[in-house]
Ligand SMILES: NC(=O)c1ccc[n+]([C@@H]2O[C@H](COP(=O)([O-])OP(=O)(O)OC[C@H]3O[C@@H](n4cnc5c(N)ncnc54)[C@H](OP(=O)(O)O)[C@@H]3O)[C@@H](O)[C@H]2O)c1
């Protein structure tokens with residue numbers, strides 16, 4: 001990509017899309033095209049086609065998606081499947097028809113089979129069923145990842161896809177119904193500190209291990225893939241290591257300055273013992289994450305204080 005290439009970031013105000021915007025700006029790209037959901041609804045095929053025909057972006061990052069928590073995904077499965085299928089089909093079709101030079105499509109680690117061996121390799125996709133509670137979302141995202149391959153194989157389009165680990169960071173969703181473990185714990189420890197609560201209780205034993213990647217690392221990896229990866233198939237983006245919920249909770253306790261106790265309710269489920277992507281493909285390409293958990297948590301807590309808690313310390 002040249003610094004003045006016309007780059008469209010779909011979903012530029014979301015968690016991932018806003019990090020891609022920051023990464024592009026940090027790297028000096030100066031011709032970035034955006035539309036809010038209200039300005040351009042990507043489920044509308046005609047509007048999407050018109051937009052691509054008029055604006056002719058050269059590079060496209062697809063970070064627009066209908067995203068939600070387990071409950072929303074399970075309850076509104078038709079909407080999650082349909083809206084994501086429409087966004088995927090409309091954007092990829094318009095990009096193909098208008099000769100986009102390169103497109104990067106964001107998948108999600110929840111599209112891998114629920115019972116995948118760990119760490120999860122790219123080739124495990126479609127070797128088993130995804131988690132039933134987000135099956136509709138997963139089917140739409142699997143379609144997107146595979147469509148990138150099909151367009152590349154049939155037409156030679158340079159469409160690639162990435163499957164990032166769970167990310168956290170600026171613009172995380174703070175709605176308790178939807179929020180991921182890190183923003184949820186930051187809010188709970190912060191509130192416990194304000195109210196002087198003697199302890200914070202966490203579901204499960206705390207021994208489950210997850211991969212927690214800062215979204216700025218995820219976005220940098222997307223830029224890296226956009227500029228350096230031309231091969232077939234999807235590419236995992238992860239850290240290559242996990243952190244236990246116990247270690248995470250202790251880090252967040254220190255970052256928020258909460259001095260009370262952490263208790264674990266072992267009667268509640270832990271979920272899968274370990275979730276880790278095999279990121280050797282991007283590792284071999286030469287990309288490495290830069291942000292430590294402590295740095296990432298410090299920055300997310302500052303953002304939380306500024307944006308969500310109205311600056312209360
Ligand atoms: N969050 C994670 O941990 C994570 C990890 C790996 C991969 N990903 C992937 O990254 C992508 C983005 O996720 P995210 O967490 O950044 O989600 P997000 O914060 O909810 O952002 C999604 C963005 O898409 C926009 N959007 C939704 N429907 C649209 C439509 N019909 N037309 C135009 N824009 C639309 C949203 O705009 P509005 O807000 O205005 O609706 C929002 O800006 C998804 O494909 C997800 O699977 C996320």
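The values are calculated or read from the model by the stated rules, or taken from the named source; none is laboratory data. The structure displayed is predicted, hence computed values, not measured ones. Neighbour counts are summed over all protein chains in view; Cβ atoms, including those assigned to glycine, are modelled from backbone coordinates with ideal geometry.
Quick look at the numbers
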| quantity | calculated |
| --- | --- |
| Test: residue in region 254-272 that is surrounded by 20 or more Cβ atoms within 10 Å (Cβ to Cβ) and modelled with pLDDT under 95 | no |
| Any hit, region 74-83, residues being assigned to a loop (DSSP other than H, G, I, E, B), under 21 Å from the mean Cα position of the chain (by Cα) and buried (at least 16 other Cβ atoms within 10 Å of the Cβ) | yes |
| Yes/no for residue 36 being assigned by TED's automatic domain parsing to the domain that holds residue 94 and either near the ligand (Cβ under 8 Å from one of its atoms) or free of Cβ contacts under 8 Å to residues at least 12 places away in the same chain (or both) | yes |
| Test: residue in region 10-29 that is outside the structural domain of residue 299 (by TED's automatic domain parsing), more than 24 Å from residue 167 (Cβ to Cβ) and surrounded by fewer than 23 Cβ atoms within 10 Å (Cβ to Cβ) | no |
| Hey, residue 116 modelled with pLDDT under 95, in the same structural domain as residue 40 (by TED's automatic domain parsing), closer than 23 Å to residue 165 by Cβ and within 11 Å of the ligand (Cβ to nearest atom) or not | no |
| Test: residue in region 245-252 that is exposed (fewer than 13 other Cβ atoms within 10 Å of the Cβ) and over 18 Å from the mean Cα position of the chain (by Cα) | no |
| Neighbours by Cβ (under 6 Å, 6+ apart or cross-chain): first from region 144-169, without any contact (Cβ under 8 Å) to a residue 60 or more places away in the chain; second surrounded by fewer than 18 Cβ atoms within 10 Å (Cβ to Cβ) | 151/96 |
| Check on residue 7, at pLDDT 95 or above, more than 15 Å from residue 148 (Cβ to Cβ), away from the ligand (no atom under 15 Å from the Cβ) and surrounded by 22 or more Cβ atoms within 10 Å (Cβ to Cβ) | yes |
| Counted residues, region 65-81 - those being touching a residue at least 12 places away in the same chain (Cβ under 8 Å) and more than 9 Å from the ligand (Cβ to nearest atom) | 11 |
| Residues within region 182-215 that are under 22 Å from residue 276 (Cα atoms) and either assigned to a loop (DSSP other than H, G, I, E, B) or out of contact with any strand residue (DSSP E or B) (no Cβ under 9 Å at 6 or more places or on another chain) (or both), tallied | 8 |
| Boolean, residue 295 is at pLDDT below 95 and part of a helix (DSSP H, G or I) | no |
| Condition met for residue 62 (assigned by TED's automatic domain parsing to the domain that holds residue 163, touching a strand residue (DSSP E or B) at 6+ places or on another chain (Cβ under 8 Å) and within 11 Å of the ligand (Cβ to nearest atom)) | yes |
| Evaluation of residue 180 against (1) without any contact (Cβ under 8 Å) to a residue 40 or more places away in the chain; (2) farther than 23 Å from residue 246 by Cβ (one fails), failing number | (2) |
| Among the residues listed as 92, 106, 42, 15, the single one being touching a helix residue (DSSP H, G or I) at 6+ places or on another chain (Cβ under 8 Å) and more than 10 Å from the ligand (Cβ to nearest atom) | 92 |
| Number of the condition not met by residue 171 [criteria: (1) in contact with a helix residue (DSSP H, G or I) (Cβ under 9 Å, 6 or more places away or on another chain); (2) in a helix (DSSP H, G or I)] | (2) |
| Qualifying residue in region 209-222 (condition: more than 16 Å from the ligand (Cβ to nearest atom) and surrounded by fewer than 23 Cβ atoms within 10 Å (Cβ to Cβ)) | yes |
